[in-house]
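Contents: one structure, followed by commentary.
The values are calculated or read from the model by the stated rules, or taken from the named source; none is laboratory data. Only a predicted model underlies this, so the values are computations on that prediction, with no experimental measurement involved. When we count neighbours, we look across all protein chains shown, and the Cβ atoms used for this are built from the backbone with ideal geometry, even at glycine. In case anyone asks, the SASA skips ligands and DNA or RNA and just uses the protein heavy atoms, side chains included. Shrake-Rupley method; radii C 1.70, N 1.55, O 1.52, S 1.80 Å.
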Amino acid sequence: PFYANEIRAMLEHKGLLREFFFNVVYQPVADASGLTADILVVAVDVSEQVNSRKKVEQAETTLRHAIEAANVGTWQIQSDTRELISSTRLNALFGYYPDDHMELAHAIEQIHEEFHEEVTTAIENAITKGGKYDVSYKVIGYRDKKVRWLRALGNSTADLSGKFSTFTRVVMDITDIKQDELRKNDFIGMV
C-alpha cells in the first residue's frame with residue numbers, strides 16, 4: 001500500500017486550470033492465488049482544508065509581523081493551571097532577561113502596589129467570566145528596576161465545552177505618553 005497526503009494536482013475544472021490537493025491511498029488487491037491483480041486507488045479532495053490552513057498560516061504570519069513591528073509584548077494564561085507563557089518583549093517590559101521564565105504571581109509582584117488589586121481582579125474576571133481586559137498600570141522592572149507604564153489589552157477564549165481555557169493579551173509600553181500626561185498636569189497645576 002502507498003499513502004500520501006496533500007498531493008498537489010493541476011486539473012481542468014469548468015474550463016479553467018485549477019490547483020487541487022488530494023489525500024491518496026493506493027491499495028493492492030490480491031487475486032485468488034494471492035498475487036496482486038489490481039490496485040485500488042482512493043483519492044479524497046482536501047483542497048478546501050489545505051487552502052483554509054494556508055489562509056490561517058498567512059494570517060498568523062501577518063499578525064506576528066504586526067506585533068513585532070508594534071514592539072508589544074504578548075502572553076497567555078491557561079485558565080485551569082494559571083501557567084503564564086510570555087514573549088521575549090514582555091519579559092523585557094517587566095525587566096526580565098529574554099530567556100527568563102516569568103511566573104504569573106512574580107509578574108504581578110512587579111506591578112506597583114497601587115495597581116495590584118485592580119490588575120488581579122481584572123485578570124480573574126477575564127479568565128473566569130470571559131470578556132475583554134483593558135488596564136493600565138505602572139511596573140518596576142524585576143532585574144533592571146526601571147519604572148514603566150504599561151497598557152494591557154486582552155480577552156478569554158472558550159474551549160468546546162464553553163469553559164474559558166486561554167486568556168491572551170498584548171502589552172504595550174505607554175511610559176512616554178504617561179510622562180507627557182504628568183508633565184501637562186503639573187504645568188496646568190502650576191498655572
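Of all the residues in region 3-41, those that are in contact (Cβ under 8 Å) with a residue 12 or more places away in the chain and either surrounded by fewer than 11 Cβ atoms within 10 Å (Cβ to Cβ) or within 30 Å of T74 (Cα to Cα) (or both) number 4. Taking helices (runs of 4 or more DSSP H) as the structural unit, those lying wholly within region 40-123 and holding at least 2 residues that are farther than 22 Å from R143 by Cα correspond to 47-70. Of the residues making up region 121-149, those that are open to solvent by less than 50 Å² (accessible area, probe 1.4 Å) and out of contact with any His (no Cβ under 9 Å at 6 or more places or on another chain) are A122, I123, A126, I127, G130, G131, Y133, V135, S136, G141, R148, W149.
You will find that of A92, A158, A152, A105, the residue that is under 19 Å from the mean Cα position of the chain (by Cα) and surrounded by fewer than 16 Cβ atoms within 10 Å (Cβ to Cβ) is A158 and no other. When restricted to residues that are within 24 Å of D144 (Cα to Cα) and touching a strand residue (DSSP E or B) at 6+ places or on another chain (Cβ under 8 Å), region 119-132 contains 1. Scanning region 124-163 for residues that are among the polar types (S, T, N, Q) and either in contact with a Cys (Cβ under 9 Å, 6 or more places away or on another chain) or assigned to a strand (DSSP E or B) (or both) yields S136, N155, S156, T157. A search for C-beta distances below 6 Å between a residue of region 97-111 that is within 22 Å of S79 (Cβ to Cβ) and any residue that is among the polar types (S, T, N, Q) and not in a helix (DSSP H, G or I), counting only pairs 6+ apart in sequence or on different chains, returns M102/S86.
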